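Here's the structure we're looking at; comments come further down.
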Amino acid sequence: MMKYLLSFLFFLVQACFSLLSAGNEVEMATGMRSEGKIYVVVAVLCIVFTGIVLFLVRLERRVNKLEKEKTDL
Amino acid sequence: MATQPSFISKHWWKITGALFVMYSIIEGFLGKVPALPILHETIRNLYFHVTMWFAMIFVLGGSVVYSIRYLSTGSVYDDLRAEHMASAGILLGLLGITTGSVWARFTWGGWWANDPKLNGAAISLLIYLAYVILRSSMDEEQKRARVAAVYNIFAFVLLIVFLMVYPRLNQVDSLHPGNGGNPAFSSYDLDSNMRLVFYPAVAGWIMMGLWIANLSYRIAKLRYDKLMWQSENNLLIEE
């Protein structure tokens, strides 16, 4: 499972870099992105979203457990 | 890690949904977008605001499918699924309308514009809120399910009309790109970099919406089954 997730994340990061390096003809707040620490905002949003997903996963497990308990009844 | 052999086959769409949204957050901020006047960097809202509406329409469409299924099967579970998909769709719609309001404030100059798409969205959300109220106003299970299913079909048709047909009429002027003779959408939708983020984001949010709907449906199902079990057992004791 973790292996699966990690390889997918690696793929995403790779995709990001390949897109970033693709031709920069039209300049647009690129300085902000490189020096303005926009990546901090991205990191924060990633954490927030991960938190929400983890909450959903926990909910999923709890519902799963209840469903199992019901079938064992 | 996988405790069951079917873990991936069972949960792949939840994992994919979360990863797609994560990708859209990362790439949505760091990726390259076309430089357009007025919009500037807010064009990135395409990945976060527009996706809400796409996901909402998909999830509400799923709700209608279960409503129609209920009408042919009469199964309470289909009705429950329709109900909880509708709630998840309403959640996405409310997020869409609030994020749109913020976006409008900084591009169109006001929290609310007298735009056919905005008004259409507001009307359709009210129609869906009426669906929730309609459900809560009826106690008899089968009657409620039937009335709600029929209403849901009407609501979805109206949603399509208000969100996709009415704003596109030539008689109305819309600030929204691609509506009312406003062709601007193509200028950034055709940007292949943005498509690369936008489509996965839409797919991701659809799956997240379905996941939330699925969870609340399963909780409702457990509660319903418990009620049924209780009433059955009480009947057995009485007999």
Exercise. Once the other residues with Cβ under 12 Å from the Cβ of B:ASP225 are scored (Lys, Arg +1; Asp, Glu -1), what is the net sum?
Worked result: +2
Exercise. What is the average number of partner chain Cβ atoms found within 10 Å of a Cβ in B:12-25?
Worked result: 4
Exercise. For the residues A:ARG62, B:ARG44, what sequence is obtained by ranking on other C-beta atoms within 10 Å, fewest first?
Worked result: A:ARG62, B:ARG44
Exercise. What's the angle, to the nearest 10 degrees (0 to 90), between helix B:76-107's Cα axis and the longest principal axis of chain B?
Worked result: 20 degrees
For this session: Label chain B by shape, choosing from rounded, prolate and oblate, from the square roots a ≥ b ≥ c of the eigenvalues of the Cα gyration tensor; if a/c is under 1.5 it is rounded, and otherwise prolate applies when a/b is larger than b/c, oblate when it is not.
Result: oblate
For this session: Take the alpha-carbon centre of segment B:123-171, take the same for segment B:14-90, and report the distance between them in whole Å.
Result: 18 Å
Exercise. Of B:SER174, B:SER101, B:SER124, B:SER63, how do they rank once you tally other Cβ atoms within 10 Å and put the fewest first?
Worked result: B:SER101, B:SER174, B:SER124, B:SER63
Seminar exercise, completed: Note on segment B:65-162: alpha-carbon gyration tensor, axes a ≥ b ≥ c; rule is a/c under 1.5 for rounded, else prolate if a/b larger than b/c, else oblate; result prolate
Seminar exercise, completed: Per residue of B:216-228, other chain Cβ atoms within 10 Å number on average 2
Exercise. Hey, can you rank B:157-165, A:47-55 by average C-beta count inside 10 Å, highest first?
Worked result: B:157-165, A:47-55
Exercise. In debye to the nearest 20, how big a dipole does chain B give about its Cα centre with +1 on each Lys and Arg Cβ and -1 on each Asp and Glu Cβ?
Worked result: 360 debye
Problem set entry | Per-residue mean of C-beta atoms belonging to partner chains within 10 Å, peptide B:29-36 | 5
Seminar exercise, completed: Partner lysines whose C-alpha sits under 26 Å from that of B:LYS221, ignoring same-chain residues fewer than 8 away, are A:LYS65, A:LYS68, A:LYS70, B:LYS10, B:LYS14, B:LYS143
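Read the figures in this text as sums done on the coordinates, not as results from a lab. As the structure is a computational prediction, the values presented were derived from the model and not from experiment. Virtual Cβ from ideal backbone geometry, glycine too; neighbours counted across all protein chains shown.
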